[in-house]
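This report refers to the structure that appears directly beneath it.
Coordinate-derived values only; no laboratory data. Everything numeric in this text was worked out from a predicted model, so none of it was measured. Every residue, glycine as well, gets a Cβ built from its backbone with ideal geometry; the counts of neighbours run over all protein chains shown.
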Amino acid sequence: MSELLIYLDGKFVPKSEAKVSVYDHGFLYGDGVFEGIRAYNGRVFKLKEHVDRLYDSAKAIAMDIPLTKEEMSEAILETLRKNNLKDAYIRPVVSRGVGDLGLDPRNCGKPCVVVIAQGWGAMYGDLYEVGLKAVSVCVRRNAPDSISPNIKSLNYLNNILAKIEANEKGGDEAIFLDHNGFVCEGSGDNIFVVKNNKVLTPYTISNLKGVTRATAIELLDEMGYKVIEANLGLFDLYTADEVFVTGTAAEAAPITRLDGRVIGTGKPGPMTMKMVEAFEKITQSTGAPIYK
Ligand code: PMP
């Protein structure tokens, strides 16, 4: 198998040669932004929405990406073409660039732009059929007045701490609460709760404005279910009929256990399954074509 080609600052280089300086502030300080995007069946799902969010994240950290959105989109498509990929996970990364050992981003040169694309299967494997075991974690989601969870920044330590805690507690996914005790999101996905045929989801002030979350809201709307944004506590999750998470990597995945409680019947529920089906249909048939 030939080596993957990585887009690195305007050039395509083999994976083994795709290197970034140890003085890059993405490495030194987590100073930068990224995206996670999927391609299905030769089409990139919600490319515009992901590129828009990448630029919004960059704007929020006062960083100018040295490409237009069109150039970035083309770099993503070209990375897939160069690697003959039709189904893939795509990781664009923009770091502040090479600076000195001080924090000041004014001492950094141009931001560094990387696009990695590789084949990728179902993130949770067989668990889509039985559901995930989730655990709520002690570490709180970073507050919107620190590094806003709306920014998809290279500083994912908060999420990594949640993942470590979930691993320790034997969970497949972590559920974050905010400082007021409201449920926010998973370590890498958004949360939906179904109760008495109503679908609820937390507001997005303390979580990432998920592209899959927005898609799920649209799909549920088309099915006749208006999703209600609400402040939710763990009680609402423990006593829900169904809980599911959404994300680019996770897609739509049921949660059937939380903190030792069985959610609903303990099996992926009907609303969750409808979502999974609708999501599969839309990802296979829509999006920016990779090959013209
Ligand atoms: N929350 C967090 C913290 C994430 O990392 C992700 C994955 N990008 C999501 C939610 C889901 O967002 P999306 O549907 O855009 O992938």
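When the Gaussian network model of the chain links Cα atoms closer than 10 Å, the mean-square fluctuations of I191, I65, I164 top out at I164. 3J(HN,Hα) couplings calculated from phi for the stretch 278-287 with the Karplus curve 6.51 cos²θ - 1.76 cosθ + 1.60 (θ = phi - 60°) are, in sequence order, 5, 5, 4, 4, 6, 5, 6, 10, 10, x Hz; Gly and Pro show x. Listed by chain and number, the aspartates and glutamates placed with their C-alpha closer than 14 angstrom to that of K267 are D126, E129, D241, E242; residues fewer than eight positions away on the same chain are left out. Taking every alpha-carbon pair in the chain and binning the separations at 5 Å intervals from zero gives 1, 5, 12, 15, 17, 16, 14, 10, 6, 3, 1, 0 percent.
For the stretch 181-238, what does the alpha-carbon gyration tensor say about shape, rounded, prolate or oblate, given a ≥ b ≥ c as the root eigenvalues, a/c under 1.5 as rounded, and a/b over b/c as prolate?
It comes out oblate by the Cα gyration axes.
Model label sites at E129 and K59, defined 7 Å from Cα along the beta-carbon direction, differ in position by 4.5 nm.
In the chain, the calculated helix contribution to ellipticity at 222 nm averages -8500 deg cm²/dmol per residue, counting -39,500 (n - 2.57) for every DSSP H run with n ≥ 4. Dividing the Cα radius of gyration of the stretch 126-284 by 2.2 N^0.38 Å, with N the residue count, gives 0.95.
Relative to the longest principal axis of the C-alpha atoms of the chain, give the angle of the C-alpha long axis of helix 47-60, reported between 0 and 90° and rounded to the nearest 10°. Tilt relative to the chain: about 70 degrees. Rank L219, L132, L157 by mean-square fluctuation in a GNM of the chain with C-alpha springs under 10 angstrom and give only the top-ranked residue. Greatest mean-square fluctuation among the candidates belongs to L157. Distance from the alpha carbon centroid of the stretch 262-281 to that of the stretch 1-78 works out to 33 angstrom.
Across the stretch 195-212, computed HN-Hα scalar couplings (Karplus, 6.51 cos²θ - 1.76 cosθ + 1.60, θ = phi - 60°) run 9, 6, 6, 9, 10, 10, 8, x, 4, 9, 5, 10, 8, 6, 6, x, 5, 5 Hz from first to last residue, x flagging Gly and Pro. Quick check on my link table: of K69/K152; K15/K133; K82/K133; K48/K226; K133/K209, which ones sit more than 27 Å apart, alpha carbon to alpha carbon? Correct reply: K15/K133; K82/K133. Rounded to the nearest 20, the size of the Cβ-charge dipole of the stretch 21-155 about its Cα centre is 260 debye, with Lys and Arg at +1 and Asp and Glu at -1. Compactness ratio for the stretch 1-145: Cα radius of gyration over 2.2 N^0.38 Å (N = residue count) comes to 1.17. Under a 10 Å cutoff between Cα atoms, tell me which one of E185, E17, E242 has the largest fluctuation in the Gaussian network model of the chain. Answer for the Gaussian network model of the chain: E17. Using a cutoff of 8 angstrom between alpha carbon atoms and counting only pairs six or more residues apart, the relative contact order for the chain works out to 19 percent. Residues whose amide H lies under 5 Å from that of K195, counting only those 5 or more places away or on a different chain, are L200, D241; hydrogens are built 1.01 Å from N in the peptide plane. Distance in nm between label sites at N167 and D9, each 7 Å beyond Cα in the beta-carbon direction? In this crude spin-label approximation the distance works out to 3.2 nm.
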